[in-house]
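Quick one: structure below, then a few questions.
The values are calculated or read from the model by the stated rules, or taken from the named source; none is laboratory data. Predicted model, so just to flag it, every value in this text is computed and none were measured. No Cβ is skipped: glycine too gets one built from the backbone with ideal geometry, and neighbour counts run over all protein chains shown.
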Amino acid sequence: MLIFKKNICDHHRIIVERDDKSSVLTPAEFEAAFGLVYLPRIEFAHWKDFVAISRKIGKFCNKGMLDQKQLALGDYFKKEIQEPTVPPVRLRWIDETFGWGVFAEQDLKPMDYIGEYGGIVRRKKKSDLKNAYCFEYSIVKEVYTHYAIDALNHGAITRFINHSLTPNLMSDLAVYQNLSHTIFYVSRLIKKGEQLCINYGPDYWKIRTPPQEFKN
């Protein structure tokens, strides 16, 4: 069920840097360079899952069961969620250990919106344990669901954001139009040239060996 209107992103431009050489890519060029479908927000693999989740969130909302913060964030960032843009950042190749990273093109202040974790929302599979680009799809924090956001073959800037024990981005849930969105926004002042990072959390590293730099 891919209903995202890609033409609304035709104007997007992504700055990419490798070996001190920079280029500005269109979404089509981004897809060719990274072997991905450019998708800066979520889509659903199956219509029935979209309907089930939307109805469940609607019921939670009507019963006052949703966290007020995720409702407030959904209202605050509703324009950005509805019409995603490219933040003032660039993708930069770091090395073979870390791969790509996301770096600020200008100073960023707290609450600046970076983007949604885009990908395909689908039912979880056992093979997800080997997929480093699977992000749990949550309706309410710390409440288990059977769904995941798979950004292995679909996604945009946010799938390249690296882990840090001292992150400068906040990962949070935002509810907009009866859907839950995993969004990233700035948590402290970020200087131009600084790498943008989030904390992947302990669950991510339970089944993976962290780089030496991330070990306590």
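Can Val102 be described as under 24 Å from Ser164 (Cβ atoms) and either in contact with a Ser or Thr (Cβ under 9 Å, 6 or more places away or on another chain) or buried (at least 17 other Cβ atoms within 10 Å of the Cβ) (or both)? Can you show your working first?
Values: under 24 Å from Ser164 (Cβ atoms): yes; either in contact with a Ser or Thr (Cβ under 9 Å, 6 or more places away or on another chain) or buried (at least 17 other Cβ atoms within 10 Å of the Cβ) (or both): yes.
In short, yes.
Moving to a separate point now. So, of the residues in the range 8-53 that are acidic (Asp, Glu) and part of a loop (DSSP other than H, G, I, E, B), which turns out to be nearest to the chain's Cα centre (by Cα)? Write out each step before concluding.
In the first step, residues of the range 8-53 are kept if they are acidic (Asp, Glu); the result is 10, 17, 19-20, 29, 31, 43, 49.
So of that shortlist, the ones also part of a loop (DSSP other than H, G, I, E, B) come out as 10, 19-20.
Numbers: Asp10: 19, Asp19: 26, Asp20: 26 Å.
By that ranking, first place goes to Asp10.
Every residue in the range 30-65 that is of a type in the set (D, E, K, R), surrounded by 14 or more Cβ atoms within 10 Å (Cβ to Cβ) and either closer than 19 Å to Asp150 by Cα or at pLDDT 95 or above (or both), please. Steps first, please.
Residues of the range 30-65 of a type in the set (D, E, K, R): 31, 41, 43, 48-49, 55-56, 59, 63.
Subset that is surrounded by 14 or more Cβ atoms within 10 Å (Cβ to Cβ): 31, 41, 43, 49, 56.
Answer for the range 30-65, where residues must be of a type in the set (D, E, K, R), surrounded by 14 or more Cβ atoms within 10 Å (Cβ to Cβ) and either closer than 19 Å to Asp150 by Cα or at pLDDT 95 or above (or both): Glu31, Arg41, Glu43, Asp49.
Then there's this: Can you find a residue that is in a strand (DSSP E or B) and hydrophobic (A, V, I, L, M, F, W, C) anywhere in the range 67-88? Steps first, answer last, please.
First pass over the range 67-88, keeping only residues in a strand (DSSP E or B): none.
There is no residue in the range 67-88 that is in a strand (DSSP E or B) and hydrophobic (A, V, I, L, M, F, W, C).
Let me ask you something else. Could you give me the residue pairs with C-beta distances under 8 Å whose first residue belongs to the range 48-64 and is touching a residue at least 24 places away in the same chain (Cβ under 8 Å) and over 17 Å from Ala174 (Cα atoms), whose second residue is β-branched (Val, Ile, Thr) and surrounded by 15 or more Cβ atoms within 10 Å (Cβ to Cβ) wherever it lies, and which are 6+ apart or on separate chains?
Taking only residues 6 or more apart or on different chains, the pairs are Asp49/Val121.
Now, a different point. Among the candidates Ser164, Ser180, Ser187, single out the residue that is within 16 Å of Lys69 (Cα to Cα), surrounded by fewer than 19 Cβ atoms within 10 Å (Cβ to Cβ) and either of a type in the set (S, T, N, Q) or out of contact with any strand residue (DSSP E or B) (no Cβ under 6 Å at 6 or more places or on another chain) (or both).
Working: Ser164 fails: within 16 Å of Lys69 (Cα to Cα); Ser180 fails: surrounded by fewer than 19 Cβ atoms within 10 Å (Cβ to Cβ).
The unique qualifying residue is Ser187.
Next up: Cβ-Cβ under 7 Å, sequence separation 6+ or interchain: first residue in the range 74-97 and closer than 18 Å to Lys109 by Cα, partner polar (S, T, N, Q). Which pairs?
Pro88/Gln106
Additional query: When you look at Gln68, is it closer than 30 Å to Leu25 by Cβ and surrounded by fewer than 18 Cβ atoms within 10 Å (Cβ to Cβ), yes or no? It would help to see each step written out before you state the result.
Values: closer than 30 Å to Leu25 by Cβ: no; surrounded by fewer than 18 Cβ atoms within 10 Å (Cβ to Cβ): yes.
No: the conditions fail for Gln68.
On to the next question. How about the range 107-197: which strands (runs of 3 or more DSSP E) wholly inside it have at least 3 residues that are in contact (Cβ under 8 Å) with a residue 24 or more places away in the chain?
Numbers: elements: 113-116, 119-123, 134-136, 147-150, 169-176, 179-186.
So the answer is 113-116, 119-123, 147-150, 169-176, 179-186.
Please verify whether the range 97-114 includes one or more residues that are modelled with pLDDT under 95 and not small (Gly, Ala, Ser).
yes
Taking only the range 106-119 into account, find how many residues are surrounded by fewer than 22 Cβ atoms within 10 Å (Cβ to Cβ) and either among the β-branched types (Val, Ile, Thr) or in contact with an Asp or Glu (Cβ under 6 Å, 6 or more places away or on another chain) (or both).
Going residue by residue through the range 106-119, those that are surrounded by fewer than 22 Cβ atoms within 10 Å (Cβ to Cβ) are 106-107, 109-113.
Keeping just the survivors that are either among the β-branched types (Val, Ile, Thr) or in contact with an Asp or Glu (Cβ under 6 Å, 6 or more places away or on another chain) (or both) gives 113.
The total comes to 1.
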